[in-house]
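Report on the structure given below.
The values are calculated or read from the model by the stated rules, or taken from the named source; none is laboratory data. Since the model is a prediction, treat every value here as computed from it, not as a measurement. Ideal geometry is used to build each Cβ from the backbone, glycine not excepted, and the neighbour counts take in all protein chains shown. Accessible surface is based on the protein model in full, side chains and every heavy atom, while ligands, DNA and RNA are left aside. Shrake-Rupley method; radii C 1.70, N 1.55, O 1.52, S 1.80 Å.
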Amino acid sequence: MERPNAWKGYTSEQLDELHYLCEGYKAFISDNKTERECCAASVAMAEEAGYVSLASRVEAGEPLKPGDKVYAVNRGKSLMLLHMGTEPLERGVNILGAHIDSPRLDVKQDPVEEKNEIVTLDTHYYGGVKKYQWVTIPLAIHGVVAKKDGSVVNVVIGEDEDDPVFCISDLLIHLSSEQLGKKASEVIDGEMLDVLVGNRPIVIEEGSEESEDAKKSPVKAGVLAVLSGQLGIEEEDLLSAELEVVPAGAARDLGLDRSMILGYGQDDRSCAYTSLVAQLDAETPARTAVCLLVDKEEIGSVGATGMTSHFFEDTMAEVLELAGQSGPLALRRCLAASNMLSSDVSAGFDPTFASVFEPKNSAYLGHGLTFNKYTGSRGKSGSNDADAEYVATIRRVMDEGGVAWQTAELGKVDAGGGGTIAYILATYGMNVIDCGVPVLSMHAPWEATSKADIYEAYRGYREFLKLT
């Protein structure tokens with residue numbers, strides 16, 4: 001059951017639409033490399049499309065009616081958008097759910113250290129990474145520093161052409177005989193992921209009143225002086241900071257034919273952006289359309305901003321209240337009757353590493369939106385495993401909408417595995433299936449996708465929101 005290559009069937013108008021969408025996508029993932037940045041940018045796009053804060057409607061006690069567009073933000077890291085439909089909420093809603101966090105390096109709370117006149121920032125890697133991939137590449141620092149006076153300093157260093165960048169050093173090949181004998185997982189230890197940030201000592205004149213710390217660590221003192229002078233940040237302020245180290249630079253076209261995109265964080269922002277745009281472009285639907293962009297998926301969807309929090313359920317309760325359908329039973333009926341696409345990326349078939357894939361059940365770049373009936377590992381452990389009836393419904397919706405789509409598993413049965421947020425939403429009894437964009441080099445600092453798959457994801461999500 002080979003699925004056709006999507007590129008072969010496009011009209012000139014579709015190619016123009018594909019190009020426009022992918023240019024916007026490249027800009028989005030280049031400008032927004034943290035969950036906070038993605039959330040803020042998504043809110044701005046939503047407000048431009050006519051969405052208003054749900055909190056303002058709750059405060060005013062203003063009822064929600066068909067056609068209304070509202071959004072709710074959870075701690076600046078997760079977002080939920082709703083476009084009210086014409087049908088009662090108790091009949092269920094259609095949900096696009098993606099995550100906006102990506103593998104990275106998090107700066108530790110007490111990170112600044114000087115050794116042998118080189119200053120580094122200690123980091124703790126976030127999510128599943130191959131640690132050796134993060135050395136010797138240009139890095140940027142994004143995030144926030146919260147100060148005791150209640151102010152918050154936004155930090156982005158390493159993206160502008162005139163900015164400095166950062167890196168993690170590696171051992172030179174001439175002295176690497178022992179290192180090269182290690183397993184790949186041991187070549188770079190987690191505590192070796194120290195980011196180079198300074199090498200210039202401050203000049204301490206004879207008889208000066210500089211602190212003993214500055215005299216003992218003059219390069220560190222110089223780095224702290226830069227932080228204080230340029231950002232107003234003291235070393236103690238780093239105790240209440242969320243600083244993320246990410247690859248520096250913009251997403252780029254990949255290939256002589258410009259058919260692909262190379263960029264950071266495409267897991268899962270390729271699905272988040274296309275879900276967002278599909279939601280914003282939707283006409284007033286029959287069933288209320290919902291777009292969920294959540295945090296912490298890469299570490300188990302935990303915490304106050306992850307999918308396991310009560311943010312989604314509480315927000316739906318507020319919406320039902322304003323729609324005149326309040327009560328715990330109405331909420332449970334709504335959630336159980338809902339449909340969801342758990343929009344997360346799939347492993348694209350890579351001919352260089354063909355041995356870990358099962359060709360008939362793999363996702364191929366350029367063949368469209370990928371559906372995974374189940375994910376998991378070791379016998380589907382941790383998987384949602386969608387019902388056959390729901391898979392049939394999705395097939396119908398995609399085919400009637402002319403969407404290029406394919407099905408896949410995450411590699412050979414015993415090769416590994418992975419999971420998404422699907423199983424969490426399935427606990428409400430709703431229909432859920434995993435689907436997303438095929439990616440090469442998933443979880444690497446730079447990941448590759450096909451523009452056709454980005455476009456078909458958008459088209460597929462748009463058709464799904466029309467499901468009745």
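Key figures for this structure:
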item: Condition broken by Leu105, with the remaining ones in (1) in contact with a strand residue (DSSP E or B) (Cβ under 8 Å, 6 or more places away or on another chain); (2) open to solvent by 50 Å² or more (accessible area, probe 1.4 Å) satisfied; result: (2)
item: Count of region 351-372 residues which are in a loop (DSSP other than H, G, I, E, B) and either open to solvent by 80 Å² or more (accessible area, probe 1.4 Å) or among the polar types (S, T, N, Q) (or both); result: 1
item: Residue within region 50-65 that is surrounded by 17 or more Cβ atoms within 10 Å (Cβ to Cβ) and either touching a Cys at 6+ places or on another chain (Cβ under 9 Å) or of a type in the set (Phe, Trp, Tyr) (or both) present; result: yes
item: Strands (runs of 3 or more DSSP E) contained entirely in region 250-303, each with at least 3 residues that are in contact with a Phe, Trp or Tyr (Cβ under 8 Å, 6 or more places away or on another chain) and touching a residue at least 40 places away in the same chain (Cβ under 8 Å); result: 260-263
item: Residue in region 382-406 that is nearest to Gly300 (Cα to Cα), counting only those that are surrounded by 20 or more Cβ atoms within 10 Å (Cβ to Cβ) and at pLDDT below 95; result: Ser383
item: Answer residue from region 75-98, given it is small (Gly, Ala, Ser) and at positive phi and is least open to solvent (accessible area, probe 1.4 Å) among those; result: Gly92
item: Matching residues in region 407-439 - criterion: being touching a Gly at 6+ places or on another chain (Cβ under 8 Å), closer than 20 Å to His367 by Cβ and either open to solvent by 40 Å² or more (accessible area, probe 1.4 Å) or among the charged types (D, E, K, R) (or both); result: Leu410
item: Contacts under 6 angstrom Cβ, first residue in region 157-175 being without any contact (Cβ under 8 Å) to a residue 12 or more places away in the chain and in a loop (DSSP other than H, G, I, E, B), partner open to solvent by less than 80 Å² (accessible area, probe 1.4 Å) and not charged (D, E, K, R), 6 or more apart; result: Leu171/Gln179
item: Test for Glu463: is it of a type in the set (Asp, Glu) and surrounded by 21 or more Cβ atoms within 10 Å (Cβ to Cβ); result: no
